Amino acid sequence: MILGIGIDMVKIDKFRGAIKKWGSSFVERIFNPEEVKGISQGKMYYQRLAARFAAKEAVIKAISKSIPLSFRDIIILNRTNGAPYCSFKKDTKADLILSITHIEDYAVACAVAQKVQKKGLPK
Ligand SMILES: CC(C)(COP(=O)(O)OP(=O)(O)OC[C@H]1O[C@@H](n2cnc3c(N)ncnc32)[C@H](O)[C@@H]1OP(=O)(O)O)[C@@H](O)C(=O)NCCC(=O)NCCS
């Protein structure tokens, strides 16, 4: 059963500007080290990072704001075939389907939540 859906779009230029302005503290506030480690410092660096930011926003929308999560509670990684997936820190468990796309100007992500559970909340 689908419990929620979320979508988000990020403008790469704006995102790149924020990283250049605030530096590593901005990146570290949003991403976990393992997420950044998987992205090589090439021409796609800002696109792929922006896409992961969009993915986190999409996940928050999909599982609803009733479960408070910070950006770093959400971990976006890739399977060996390249497909993105999401896991969580803390005690949140969710079945989520995630899709990401990015071009030079924009990154977009969509998340579908099928099952969400957090300790202390009714199932
Ligand atoms: C995977 C594929 C769909 C990506 O599409 P794309 O237009 O190149 O790139 P997009 O920006 O739309 O998507 C990239 C994102 O797709 C996701 N992705 C990669 N492999 C994936 C897979 N197997 N399943 C689902 N999503 C995948 C990733 O999240 C990737 O972004 P990331 O690497 O930053 O995490 C594409 O490379 C592909 O394999 N297509 C199959 C068809 C094909 O081979 N066509 C070529 C002959 S015409």
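Structure notes:
- Residue within segment 53-76 that is within 11 Å of the ligand (Cβ to nearest atom), open to solvent by less than 20 Å² (accessible area, probe 1.4 Å), outside any loop (DSSP other than H, G, I, E, B) and among the basic types (Lys, Arg) present: no
- Any hit, segment 28-38, residues being in a helix (DSSP H, G or I), within 15 Å of the chain's Cα centre (by Cα), surrounded by 12 or more Cβ atoms within 10 Å (Cβ to Cβ) and hydrophobic (A, V, I, L, M, F, W, C): yes
- Pair list, Cβ under 8 Å, 6 or more apart: segment 6-21 residue under 9 Å from ALA50 (Cβ atoms) and touching a residue at least 60 places away in the same chain (Cβ under 8 Å), other residue assigned to a strand (DSSP E or B) and open to solvent by 30 Å² or more (accessible area, probe 1.4 Å): VAL10/TYR106; VAL10/VAL108; LYS11/TYR106; ILE12/HIS102; ILE12/TYR106
- Test: residue in segment 77-85 that is within 13 Å of the ligand (Cβ to nearest atom), in a strand (DSSP E or B) and more than 28 Å from ASP13 (Cβ to Cβ): no
- Hits in segment 8-27 - residues which are in contact with a strand residue (DSSP E or B) (Cβ under 7 Å, 6 or more places away or on another chain) and either small (Gly, Ala, Ser) or open to solvent by 100 Å² or more (accessible area, probe 1.4 Å) (or both): MET9, LYS11
The values are calculated or read from the model by the stated rules, or taken from the named source; none is laboratory data. From a predicted model like this one, the values you see are computed outputs, not experimental measurements. Using ideal geometry, Cβ is built from the backbone for each residue, glycine included, and neighbour counts are taken over all protein chains shown. Side chains included, ligands, DNA and RNA excluded: accessible areas come from the protein's heavy atoms. Shrake-Rupley method; radii C 1.70, N 1.55, O 1.52, S 1.80 Å.
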